[in-house]
Amino acid sequence: MNCVFALDANVFIEAHRRYYGLDLCPGFWTCLRHYGGRQRVVSIDKVCAELLAGRDVLAQWVKEGPDGLFVPSAEPNVSDAFAEMMDWVQGNAQFRREAKAEFAAAADGWLAAYAKVHDAVVVTHEQYNPNVNRRVPLGNVCHRFSILQQDTFQMLRELDVQFDWRSR
């Protein structure tokens, strides 16, 4: 399968903060650059903006502009898909008003819309949770709109990525 993977902000943030720190596992970040340049791994401009707001070493990495990794979301078909998702969120009594407002302002809906339009797999650590009401999980949106989703590790396996250890 030669699919495109669309990365959520939490993929970058969790990797940076926990298991693939830029200093600990530079191969992960090189992998993102590599596959971003080949349009196998993408994220959207709105995720980029969220990452840049962090003002840390991850934001610096983003500023260095991984070629092809961050793509524009301002396309008519993506806007239409986002509007459809917002209609579902707004009409869903399960979610609190604050959760709906947060979803409308965040990148998640735009990422899901981009993935739907471009037949991409959303890569996120968020899971489908039919009982949540305090937020609108990206996993729920993917589930409702039949968008495939995976976590970082599934994506890396599908890309056949390996990080080798070396002694210094």
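The values are calculated or read from the model by the stated rules, or taken from the named source; none is laboratory data. What you see is a predicted model; the values in this text were computed from it and never measured. Glycine also receives a Cβ, built like all others from the backbone with ideal geometry; neighbour counts cover every protein chain displayed.
Data for the structure
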{"read-out": "In region 107-119, the residues that are part of a helix (DSSP H, G or I) and touching a residue at least 60 places away in the same chain (Cβ under 8 Å)", "value": "108, 110, 111, 114, 115, 118"}
{"read-out": "Residue satisfying condition, being part of a strand (DSSP E or B) and either crowded, with 22+ Cβ neighbours inside 10 Å or among the basic types (Lys, Arg) (or both), within set 122, 136, 141", "value": "122"}
{"read-out": "Residue that is under 16 Å from the mean Cα position of the chain (by Cα) and closer than 16 Å to residue 137 by Cβ, where the choices are 107, 99", "value": "107"}
{"read-out": "Total residues in region 26-51, condition surrounded by fewer than 16 Cβ atoms within 10 Å (Cβ to Cβ) and in a loop (DSSP other than H, G, I, E, B)", "value": "2"}
{"read-out": "Exclusive hit being in a helix (DSSP H, G or I), out of contact with any Asp or Glu (no Cβ under 6 Å at 6 or more places or on another chain), among the small types (Gly, Ala, Ser) and modelled with pLDDT of 95 or more, set 6, 104", "value": "104"}
{"read-out": "Total residues in region 74-94, condition at pLDDT below 95 and either more than 13 Å from residue 111 (Cα to Cα) or more than 22 Å from the chain's Cα centre (by Cα) (or both)", "value": "3"}
{"read-out": "Looking only at region 144-161, and only at residues there that are within 14 Å of the chain's Cα centre (by Cα) and in a loop (DSSP other than H, G, I, E, B), the one that is farthest from residue 116 (Cα to Cα)", "value": "151"}
{"read-out": "Matching entry among 59, 83, 15, 99 (being among the aliphatic types (A, V, I, L, M), without any contact (Cβ under 8 Å) to a residue 40 or more places away in the chain, part of a helix (DSSP H, G or I) and touching a helix residue (DSSP H, G or I) at 6+ places or on another chain (Cβ under 7 Å))", "value": "59"}
{"read-out": "Criterion (in contact with an Asp or Glu (Cβ under 7 Å, 6 or more places away or on another chain), of a type outside the set (D, E, K, R) and either more than 26 Å from residue 165 (Cβ to Cβ) or without any contact (Cβ under 8 Å) to a residue 12 or more places away in the chain (or both)) met by exactly one of 72, 26", "value": "72"}
